[in-house]
C-alpha cells in the first residue's frame, strides 16, 4: 500500500520545482488554515481569502522554512499573522452576522439551506464572544477533529492548556447558544 | 455532558463538496501566475548525480591507486629472454654481431 508523502518530502519536491507537490500540501492543510483564519477573522469568506494568500506567501517563502517536517506549524503562523493584519487593516473588531441581503438572495433556496445559514450565523456570533485562542482550539477540535497533541504542536501551547481552553470554550459556547448567559 | 464536542458542522468548510477543489485550484492558479522561484533542474539526473558523485569520486581514486600499484608490480618482475640466443645462453659478445657479419 502506498504511503502518504511526508511534509518534508513534499517541501523538498516543491523546492526542486515540482509544483504538484505543493498542491498536496495545500489540500492537506487547507482546513486547518481556514480554521485558524476563521478563528481570528470570524468571517468565512475573509478566512478563505486570507488562507489562500497565506498559502501563496508560504510557497514564495518556502526556502526559508527551516524545519520542513514542521511545515504545518510554520504555515499556521503565516495564516495567523496575515489574519491579524487583515483584521487591523479593515478595523474588524467583531464578527459580522451574515448579511441580510445574502439571506434575501437565497429566499428561493431550500428551507434547509436557510436553516443552515441561520445556524451558521448563530455559531459565528457565539464564536465571536470567545477569546481568539479558544475559538481556534474549538474549531480545530470540533470541526477538524484534531487531537490535543496535534493542536498543541500547531499552536505552540501545551496539551494541558489546549484541554483547558477547549473545555472553557465549549462551556461558553453552550451557554451562548442556549441563551443561558448574557 | 459539558465537555462533549459541539456540533459545528454548519461551519464545516466542506459543506460544499467542490470547495476543496476550488480552493486548491485558486491557490495553484495564483502560484502559477507568479515567476517560479524554484525552477526544475534541466538535468533529469540532477538528483542521481548528487547521490552518485561521492561514490564516483571514491571509485576513481581506487582505480588510480590500483593502476599505480599494478604498474609498479609489472616493472619489478624479472625480465624473460628477449631472443632465442639469449635463451640458449649464447655469450653476449657473439650476440652483438650484426646480421651481415660472420664469425670466422
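The values are calculated or read from the model by the stated rules, or taken from the named source; none is laboratory data. These figures come from a predicted structure and were not determined experimentally. Here the Cβ is made from the backbone with ideal geometry for all residues, glycine too, and neighbour counts use every protein chain on show.
Values as computed for the structure displayed
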{"item": "Exclusive hit being surrounded by 10 or more Cβ atoms within 10 Å (Cβ to Cβ) and modelled with pLDDT under 80, set B:70, B:45", "result": "B:45"}
{"item": "Criterion: part of a helix (DSSP H, G or I) and either modelled with pLDDT under 90 or in contact with a strand residue (DSSP E or B) (Cβ under 9 Å, 6 or more places away or on another chain) (or both) - qualifying residue of A:24, A:40", "result": "A:40"}
{"item": "Qualifying residue in region A:90-106 (condition: over 19 Å from residue B:25 (Cα atoms), modelled with pLDDT under 95, assigned to a helix (DSSP H, G or I) and facing chain B (nearest Cβ under 9 Å))", "result": "no"}
{"item": "Residues of region A:1-24 classified as free of Cβ contacts under 8 Å to residues at least 40 places away in the same chain and loosely packed, with under 14 Cβ neighbours inside 10 Å, total", "result": "5"}
